[in-house]
Structures are given as structure tokens and as C-alpha cells.
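The values are calculated or read from the model by the stated rules, or taken from the named source; none is laboratory data. What you are looking at is a predicted structure, and each value in this text was computed from that prediction instead of being measured. Here the Cβ is made from the backbone with ideal geometry for all residues, glycine too, and neighbour counts use every protein chain on show. Protein only, heavy atoms only, side chains kept; ligands, DNA and RNA dropped before computing areas. Shrake-Rupley method; radii C 1.70, N 1.55, O 1.52, S 1.80 Å.
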Amino acid sequence: MRYLPLTAADRAEMLAVIGAPDIDALFADVPPAARLAGPVDLPRHAGELEVERALSRLAARNRSSGAGPSFCGAGAYRHHVPASVDHIIQRSEFLTSYTPYQPEIAQGTLQALFEFQTQVAALTGLQVANASLYDGSTACAEAVMMAARVTRRTKAVLSGGLHPHYAEAAWTLAHTAGVRVERLAAAVDAERAVTGAIDADTACVVVQTPNVFGTVTDVSAIAEAAHASGALLVVVTTEAVSYGLLKSPGEMGADIAVAEGQSIGNALSFGGPYVGLFACREAHVRQMPGRLCGETADAEGKRGFVLTLSTREQHIRREKATSNICTNSGLCALAFTVHMTLLGEAGLRRLAEVNHGRARMLRDALAAVPGVEVLTPRFFNELAMRLDKPAAAVVEALAARDIIAGVPVSRLDPAAGMDDVLLVCATETTMQDDIAAFAEALREELAR
Amino acid sequence: MTAVAVGRPTRPEVANEDGRRGAAPEAEGRGLVQDEPLIFERGGWEKTGVDLPEADLDASDLAGLTRTAPIGLPGLSEPETLRHYVRLSQKNHAIDLAMYPLGSCTMKHNPRLNEKMARLPGFADIHPLQPVSTVQGALALMDQLAHWLKTLTGMPAVALSPKAGAHGELCGLLAIRAALEARGDGRRTVLVPVSAHGTNPATAAIAGYQVVEIAQTADGRVDIGDLAAKLGPDVAAVMVTNPNTCGLFERDVLEIARLTHAAGAFFYCDGANFNAIVGRVRPGDLGVDAMHINLHKTFSTPHGGGGPGAGPVVLSEALAPFAPAPWVTSGPEGFRLIERNTGDAAQAFGRLSAFHGQMGMYVRALAYMLSHGADGLRQVAEDAVLAANYVKARLSGELTPAFPDGPCMHEALFDDAWLEDTGITTLDVAKALIDEGFHPMTMYFPLVVHGAMLIEPTETESKREIDRFCEALLRLAAAAKAGDVARFKGAPFKAPLRRLDETAAARKPRLKWTP
């Protein structure tokens, strides 16, 4: 087996040094009834070529986004990732190292995390950011838990514009900890309805901009209302590229900003691995979940970086930790940072503008199709539209014509009563031809 | 920029066991290891390394919603970016450079085929919400991975979506909680051995449970008497790591399961160390009700400097109905994805994250499994256990094994008794090992062993590399016993940086660059 270096002679020699008669002697603590006599009922080992063929066959049964027009967003976005990003994250020194427990020989990872934290803090307009969480949805759930710790209150208000899967993940984590989750009715402009639900028990209000329907909202007024009753404002963003164009959560008064960072540096990959961004005010840093990288000096006074404030964490605090997170999304965070460094502020801004421009182009083309009503009043790169047919059926019909038309709301939230609403998205990878093909096919399907 | 060739003490030379002079394992010349500033100290505010089309921006419909102030992000051209991050990479130790015996973390070889497979556009460039008719291959892959995991563990069901080991623990405990609540049973306590990894009690607390510790016996196992005394009608689950964090198999595991079930509780097994028994023992045969599997440990998906991981959880028949959405089923029209908690999934405890889990890790893990096959995976466990016992045997004369009697499993645990009266600590030994060219072992974990040093060689180290590592540690033991304290206290001397002040970092946190 090509990954196992020990030879039969090595094994014999090692057993002799150990003083064991055979390998079975080393498994002597296993109850005899539980010892398998031979290999389990699965195929035997295979060569690289055979494995590559088997997996390539499976891959070929999927319609990749780049193979034709694709308009899915709703929490995961297809962007172009420069080739150099993938080269860096495949460097052995980054790929095959672990959490930097020994900082003297992990400065590469640590400095990159320090850069990541600085970038995330700048993008979100908040003072401190952590070294990443699993993804945007788990970051959102952790934000609710953190708000409950900070305020010592037990109710979370979730906007009806929050991605339904984020709302479900937040409910799953929060309700077990005794935090009551009030999820408001789904609506394209749901953020406007949030303030009325804030009361004296409210630990936090969770809003999303651009929201799951694509609507962009200035949440400053919600921040004021939340703060007036002692609650925190959590602002969720699933499309990190929007930070290049839109007001940051911090600028609008957010106490915690969480985001899905996949758009920057990371592939769609059918939903994971992604990278959760998490930023907050400095005053709350000791209630933050996840790893933090901080600056310090070595014995010769040279600057270096270490994991810090670990007294919040499970390996020190055990059942009193701020979260149970150990492994997070290190390599995806590195991809984010390398891509962001390549973009720089100028590139990110331009990228955001191109995305918005393509989405306007998409809006204009689809709005002209009979039977389509564009619902989203203010959008960044995705929008909701009402069709005069059930959206899921239209998506299936267009998939048969090799057009991935977007995400029907009924798939995300059947209870929303929006079976005729389709979410569509355009990015810099969306070409004019794609949009024309989509509009034409949609025209035919809706006329059918 | 300056090279870091500053005046450092050279490593003292000592005779190794062959009587030859021990050569420094590292070349003296350090001229090519560069100091590297932060991007914020060198990047241009106008610069970009990406050529994008012109944007004809009409943001009139976003009036009042757009940024008015600069973000404060520097950019670099592509050559500058590459050079920056490649220079940073050279300050990292990695499995591909030398043995990385970080106990409990399972730092084994990461096959590059797996990287290549995960990047096939049919896996990497598919959207989680595109029609299921267009992702049949992806669902088939998830189904195959589930089949391998169920067969290897002897368990009937698996929830794939947890994103790391601790997320898997949460998944398992929430399934247990849902199962108990479904029978109207509001138990509030989870029992956790004192030697458990910190994520176990942290997860139990997050899942809404009180944590009660179970004592450990002198030979490093769960104290059955203490377990029996603490089991009762309020105990929801017993969380036991097996093989445990001391690197030992819980000999009484069948009794642990029997007692747990007799008390009406569930047996959660932390499967972080499944790599020691894969292919030789099925947790399903041990009475386990739920166990997470760290794909980044046993099935070698890369650790990536701290993730991403993946933590699928295998479940018993009793817990399977409570698994979280989404999951894959198959029918006459191919594979389907169950995404809603309705119908067959009405008892699901909820949802752990936005999408279907760590697809990129599933591809890598399945490639690893297919490569090894049933026979190779069995060999994985055997070689991992053989390597750890070999390390234990080679070092036991000079170091003090925490549990000298009987074999260990995949990792060898030492305490710091051998350092008594030397003035040298476990931390010092770890740092001195860096100067020998190795990543240190896990130190001060598990907490139940004084000055713990946990060494996990893994099955992908050659005998030669393991010998090199043992000899380095034996040299250090000889130096410690000879009173060469300076070699330890100042270490590391040969790393990119000298010992870092972690106390100062925590006292006045600087968590981002400021001008």
C-alpha cells in the first residue's frame, strides 16, 4: 500500500524491540468478542489510477456551474478564484500543518491569521475579528449564543430576511441552551419589520443585509432600537463581496458581524468547507467564540504571533468555555486572505461593482420576460422574482435545458408561502450570453 | 527586509549513542529565510493583483447604502502576493517536512490524489442548492462515504453534516437529547471521564447538560466503580473516548456500555482515536450508540493549519430518526436529499449548518478509503499501533511512560517524572525538540498525567524517521540528565523565532494590525 512505509522486515524488527510475539498481542486489551478476524466487507485497496477513475466517474454525473449558465446564490456564490490562491493553499507548509500550538514553528499560519483578522475587522467595520469559524451559518448561531452571554438575556429575534437555513441552525444551537428564538415572517423587505419585536428580554436582533431575498437595508435604525432596549445587533452577510460596495455592519451600528466568507477565495464545493467570519466590539472580546491570534514578542524582542485569550476555550475552560470549537476553517481562511490580498481594496471595490452591474443586467433581462415580477427593491448581486408558475417546477424545466436557474424559495422555506418566488444571482462569472439564454428559456417556459 | 542571521548560540554538540558527534539536523545558513512584514506594512492602497473588467457603475438604486469611507485594505500584485505567502509558509513546520508526532491530532500523510479529486469541477464547482437531478454524482459519493463509515463502524446510520469533531459531538448529544425528550425523559447530566478532551465537557454544556466527571483508575482507564456510582436516572449519556486520551483501549468497554444502558442512558463514544482500531474493531460491537469520526484524523483529510475538518456521526437504530437534516436517500428516480424536518425526518433534532456538510472533505476521505481498501485500513490501525508501541519501547529506558504495563494503542504517553530535579519542564523539552528538527509531541494533555508528553507517530512514518525522532529525544534526555539546562531553557534556538511570550499576548491583546 503506497501510503504505508513499513516493510515486513521493519514490522518484525519493531515487534522484537517491543517484545511482542505478533501484532495481535498489541490489541490484547480489546475484548475477544469484538476483535474482527479479517477485513470488513468492503473492496480491497486500489491504485491511484483506479481511484481517480472511480471518482471522476462520479464527478462527471454532476453539472458543474462553469459548464453552462448558472444563477444560484442564496448563501453560496460562484466567483473566480485566481490560480495563485490555490497554489498557496496547497503548499505543504500550510496544507499539512495543524493548529499553531507551537508558535515558534508556525509563524506562517499565525501571521496569515493575523492578517485575516485584520482584514475581517476592516471589512466588517468592527474592532476585533476571530481566526474563523466553520461557516456563516454556524457563526450566526455562535453570535446568538454570545449575545445571550453578554446581555444575560434569553430571547433572540431573527429577521424574516435571514437565510432560513441560518435561522434553523441558530434555533438548533440556541434553544437547547434555553435561548428562545423568535423568527419573524419571511418577507422580501423583512428587515423593516424587526424593530417591533424587540423587548426587554431580547438579547439580540439578527438581521441580514443583503438578505436572503437580496434586499439591501441600512440597519442603523434597528441598531438604535436594539441598543435602546439593551439588546445587541447581529448583522449577517452571506455574500462577502458585497462588503466592497455597501456600508459595513460596524458603520451601521452592529455589535457583532458574521458572514460567510466563501465568496472570497473558496470554491462552491457543494456547500463546504467554507469559512465563517466573526467580528465584534473590543469590549466583548472575552465572550467571543473560536481561536484568536495575537501579537507578541520572542525572547529576543522580535515580533511574533501566538494563539491567545485561550482561557475562553474548551481546552482550558472545559464545560465553562465560550464554545466547544477546536478545529475551525484554517485553510479556507488562508484562501480568503490570499485572495483578499490579491484584490486589495481597489480590486474588491471593482469586483463588487462588476457584480452589481451584472445583477442589474440580469434584472433588466428577466424583468422584460412576461410573467416575471421583480420583487427586490434594492439589491447587490441577487434578487427575488415572482413567476406566474411554481418556481421549483420552472427550475426543473430549465435544468433539463441545461440552465441552472436559481433557488426556489420553496426549497429553502416551504412554510414561507412563496412557492412562486425564485432567487437568482449574478456575479462576475455571469456573462451576457448566459443572461440572454436564461431570459429566452424562461420566456418559453412561462409561455408554455 | 533583513535576513534573520542574528547571533544565536549554536546548538551544543553531544555524542549520540553510537559515539559519533551529533550533527545539527539543520543547515547553519539561514540567509534565505526572510523576515516578512505584514501586508499592511507593505501593500499599496491602490494596488491590485487581479485584472477585472471595467465596471460601468450605476449605483443609483443603492443611494445611501454604499460605503462612504475607505475600508483600509492593502493590495499586492500577484508576484508580490506569492512571494509574501511563500515566505510565510517557510516559517511553518509540516508533515511533509518531518515527523509531526502531535498526540491525539493524528498528523499523518495527506495524499495529493485526494487534493486533485476534490478539485474536479464536478465536485468543487457545484452549488449546494442546484437541482438534485444535476448533482446525482455528488449524492452518490455521499452515499458511498456513508456506506464505508457504517460498515467500518458496524453502525446502521450516519449523519454526515457536522463540520468538525466538536460539531459531531454536538450532533450526537443533540440526537440523544431528542431521543430522550421523545420518550418524555428530561435527564440533565452527562458523565465525562477526567481524561477527556476539553471539547467533551464543553459540548455537553452547550447541549444543555451538567457535566459530572468520572474518575480514572491507576492504569489509565475509566473507573467502573465510580461510573456505576454516578449513573442514575438523571444521566442522559456517558461520553467515553476509546481508545482514550491516554492512548489506551478501555478494556471494560463492554461493561461501560452495559451499565450505561442499564441506567437508561446512551453511550457516546468520542471517535477521535478511531484510527487505532479501524478495520480491526467495530464500535458497533462495543455497544456504542453514537460516535463521531474526525475525517481529518482517521481518514487523512489535511489539517490545513487548523481546519477545515469534518465530523460525521454514526448512530444506532435508536438514535437514527433524530439525526439532523440534510441526508441522502435513494429511490427509483435516483438519489434524493432530505432537507426538511417533515415526513420521514419529522423527528430530526434540527439543522447544524446551512448546507450538506464538508463535501470537499468527503471526496478526500472517500479517495483515502478507496485507496486503502478494507485490507489497507486494517493495516493502518496495525501500523499506527505498532509505531506507537515501538516509540514507547525505545524511549522507556530514559523517559517515564505514564502507564508502563501492557501495550498502548496509537500513541505513547509519558509523564515528566524523568525530568525530576533537572529544573527542566515538559515545555522546555518540547521547545528543545524543535531544535532537533521535529514538531513537538502534544504537551500537558491529557491533564490527568503530570507534565504529559503524548507522542503519536502514525502509520505513515518510516522506521527510519521514527528512529531519528527517538534518537533526538534520547539525546535530549541525556542532556537533561547531564544538567545541560541552557539547551532547554533558551530553546528553540534554531526556529524562525525564539520562544514567544504568550503571557504578554494575553495580558494586553493585540488582535489586529493598527497603523
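Some values worked out for this structure:
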{"item": "Per residue convex hull volume, Cα atoms of the protein assembly as shown, in Å³", "result": "150"}
{"item": "Listed residues A:ALA121, A:ALA400, A:ALA28, most fluctuating in chain A (Gaussian network, C-alpha, under 10 Å)", "result": "A:ALA28"}
{"item": "Taking chain B and dividing mean pair separation by its residue count, relative contact order in percent (alpha carbons under 8 Å, at least six apart)", "result": "18"}
{"item": "Ranked packing of A:187-200, B:132-145, most packed first, by mean Cβ within 10 Å", "result": "B:132-145, A:187-200"}
{"item": "Sulfur and carbon atoms: percent of accessible area, the protein assembly as shown [1.4 Å]", "result": "52"}
{"item": "Point-to-point label distance, A:ARG35-B:THR425, nm (Cα→Cβ direction, 7 Å offset)", "result": "4.3"}
{"item": "Distance from the range B:332-365 to the range B:377-419 (C-alpha centre basis), Å", "result": "40"}
{"item": "Chain A: angle of helix A:330-367 to the longest principal axis, Cα-based, in degrees nearest 10", "result": "30"}
{"item": "Heavy-atom surface of the range A:218-293, accessible at 1.4 Å and reported per residue (Å²)", "result": "19"}
{"item": "Cα-centre dipole for the protein assembly as shown with unit charges at Cβ (Lys and Arg positive, Asp and Glu negative), debye to 20", "result": "700"}
{"item": "Summed buried accessible surface, chains B and A, 1.4 Å probe, nearest 100 Å²", "result": "17200"}
{"item": "Reduction of at least 50 Å² in accessible surface, 1.4 Å probe, comparing all protein chains with the chain by itself, residues of the range B:339-364", "result": "B:ARG340, B:ARG351, B:ALA354, B:PHE355"}
{"item": "Nearest 10 degrees, 0 to 90: helix A:136-151 Cα axis against chain A principal axis", "result": "90"}
{"item": "For peptides B:296-306, A:5-15, sequence by mean Cβ density within 10 Å, most packed first", "result": "B:296-306, A:5-15"}
{"item": "Shielded by partner chains, the range A:143-171 residues - at least 40 Å² of accessible area, 1.4 Å probe, vs chain alone", "result": "A:HIS165, A:GLU168"}
{"item": "Sites B:ARG336 and B:GLU471, calculated FRET efficiency, Cβ-Cβ separation with R0 45 Å, nearest 0.05", "result": "0.20"}
{"item": "B:SER396 paired with A:ARG281, simple spin-label distance in nm, labels 7 Å along Cα-to-beta-carbon", "result": "5.9"}
{"item": "Above-threshold pairs, the threshold being 31 Å between Cα atoms, out of A:LYS247/A:LYS389; B:LYS108/B:LYS163; A:LYS320/B:LYS150; B:LYS297/B:LYS431", "result": "A:LYS247/A:LYS389; A:LYS320/B:LYS150"}
{"item": "The range B:443-515 and the range A:112-126: distance between their alpha carbon centers, rounded to Å", "result": "30"}
{"item": "Whole-Hz couplings from phi, Karplus 6.51/-1.76/1.60, listed for the range B:327-344; x for Gly and Pro", "result": "9, 9, 10, 10, x, x, 9, x, 7, 10, 10, 8, 10, 10, 8, 9, x, 4"}
{"item": "Heavy-atom accessible area order for A:VAL179, B:VAL212, largest first, 1.4 Å probe", "result": "B:VAL212, A:VAL179"}
{"item": "Backbone HN-Hα couplings from phi across the range A:79-84 [Karplus 6.51/-1.76/1.60, Hz, Gly and Pro as x]", "result": "10, 7, 10, x, 4, 5"}
{"item": "Estimated inter-spin distance, B:ARG67 and A:HIS227, nm [label 7 Å along Cα→Cβ]", "result": "2.2"}
{"item": "For chain B, accessible area per residue (1.4 Å probe, heavy atoms of protein chains only), Å²", "result": "32"}
{"item": "Whole-number accessible area per residue in Å² for the range A:315-448, which is evaluated in the context of all protein chains at 1.4 Å", "result": "32"}
{"item": "Within chain A, percent of DSSP bridges classed antiparallel, to nearest 5", "result": "55"}
{"item": "Full-extension gain in nm, B:LYS508 to B:GLN347, via 0.36 nm per residue minus C-alpha separation", "result": "53.2 nm"}
{"item": "Accessible-area value, B:TRP513, 1.4 Å probe, nucleic acids and ligands omitted, Å²", "result": "50"}
{"item": "Choice from A:GLN90, A:GLN119, A:GLN262 showing the highest fluctuation, given a GNM over chain A with Cα pairs closer than 10 Å", "result": "A:GLN90"}
{"item": "Axial C-alpha extent at least 30 Å, average Kyte-Doolittle at least -0.5 - helices from chain B (DSSP)", "result": "B:359-395"}
{"item": "Among B:379-388, B:324-333, A:298-307, the order from most to least packed when residues are scored by Cβ within 10 Å on average", "result": "B:379-388, A:298-307, B:324-333"}
{"item": "Delta accessible area of at least 20 Å² on complex formation, residues of the range B:239-279, 1.4 Å probe, chain isolated as reference", "result": "B:PHE249, B:ARG251, B:LEU254, B:GLY279"}
{"item": "Cβ-derived FRET efficiency at R0 56 Å, B:ARG112 paired with B:LEU254, nearest 0.05", "result": "0.85"}
{"item": "Degrees between helix A:107-124 axis and first principal axis of chain A (Cα, 0 to 90, nearest 10)", "result": "20"}
{"item": "DSSP-defined beta bridges in chain B - what % are antiparallel, rounded to 5", "result": "60"}
